[in-house]
């Protein structure tokens, strides 16, 4: 009797599950889908998923008959892939890039300076103007920028702009003064202060020399960090990246 009861319950569960599947919320068809299986890459042209975004089934056009109540969405022959996993990322840095001045792809130093001026004008209350993304290799004159170029548009507060690879940064004179940098400041071990032909600190700091200025930048509070991380996550999701192995999480990041 007990065994029959268990079989009946199992059968009822199967019916319930099959009923749930049969009433899937959305059927995305006319797509070029690919997923990974133990047998290799599996192509599909139809994807069935529910309102929570959970994938219920994949297949080809005959699969649609099994889900007559699903809302049809035409994928317009676009490619559909599983969520991507970034094996080496810096999520918080991405969030800061989105929150601060983004100089990525600037064609020349003049464009970068114009963007610095516009950003500073839009942030009159910011204690520091922070940003990232410049790359002098992309500029017609492939040389490091100078503090004087920023000074021409922002001289009332410190400016600190990381190079695109994070291994150098560009400062204005206000930032160097605040950090106590002058022509007599020695290069730290593992770093270099770029100097002009007369030996004057020109405004670019490489690797460990960046610490001389960054030690004076006010630390972000937890709310600011949370906003930066949230911005980064939304950016990653917009690119189809659903998981990231973060290569640089400090204790405060972990707590947030």
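The values are calculated or read from the model by the stated rules, or taken from the named source; none is laboratory data. Every value quoted in this text rests on a predicted model; they were computed, and no experiment measured them. Here Cβ is always computed from backbone atoms with ideal geometry, including for glycine, and neighbour counts include all displayed protein chains.
Per-structure values
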| quantity | calculated |
| --- | --- |
| Count of residues meeting criterion [at pLDDT 95 or above and either part of a loop (DSSP other than H, G, I, E, B) or within 22 Å of the chain's Cα centre (by Cα) (or both)] in the stretch 106-130 | 10 |
| Residue within the stretch 143-162 that is part of a loop (DSSP other than H, G, I, E, B) and either within 22 Å of the chain's Cα centre (by Cα) or at pLDDT below 95 (or both) present | no |
| Matching residues, the stretch 182-218, being out of contact with any helix residue (DSSP H, G or I) (no Cβ under 7 Å at 6 or more places or on another chain), under 27 Å from residue 95 (Cα atoms) and in contact (Cβ under 8 Å) with a residue 24 or more places away in the chain | 204, 206, 207, 210, 212, 214, 215, 217, 218 |
| Residue tally, condition part of a loop (DSSP other than H, G, I, E, B) and within 30 Å of residue 132 (Cα to Cα), over the stretch 56-96 | 2 |
| Some residue of the stretch 188-195 being in contact with a strand residue (DSSP E or B) (Cβ under 7 Å, 6 or more places away or on another chain), at positive phi and surrounded by fewer than 17 Cβ atoms within 10 Å (Cβ to Cβ) | yes |
| Output for the stretch 234-256, where each listed residue is touching a strand residue (DSSP E or B) at 6+ places or on another chain (Cβ under 9 Å), assigned to a helix (DSSP H, G or I) and surrounded by fewer than 11 Cβ atoms within 10 Å (Cβ to Cβ) | none |
| The stretch 59-73: number of residues that are within 15 Å of residue 34 (Cα to Cα) and at pLDDT below 95 | 0 |
| Residue in the stretch 23-43 that is surrounded by 11 or more Cβ atoms within 10 Å (Cβ to Cβ), modelled with pLDDT under 65 and in a helix (DSSP H, G or I) present | no |
| Qualifying residues in the stretch 163-179 (those that are part of a loop (DSSP other than H, G, I, E, B) and either touching a strand residue (DSSP E or B) at 6+ places or on another chain (Cβ under 7 Å) or not assigned by TED's automatic domain parsing to the domain that holds residue 194 (or both)) - the one farthest from residue 202 (Cα to Cα) | 164 |
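Okay, residues lined up against (1) part of a helix (DSSP H, G or I); (2) closer than 29 Å to residue 136 by Cα:
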| site | (1), (2) |
| --- | --- |
| 203 | no, yes |
| 206 | no, yes |
| 209 | yes, yes |
| 216 | no, yes |
| 219 | no, yes |
| 223 | yes, no |
| 228 | yes, yes |
| 232 | yes, yes |
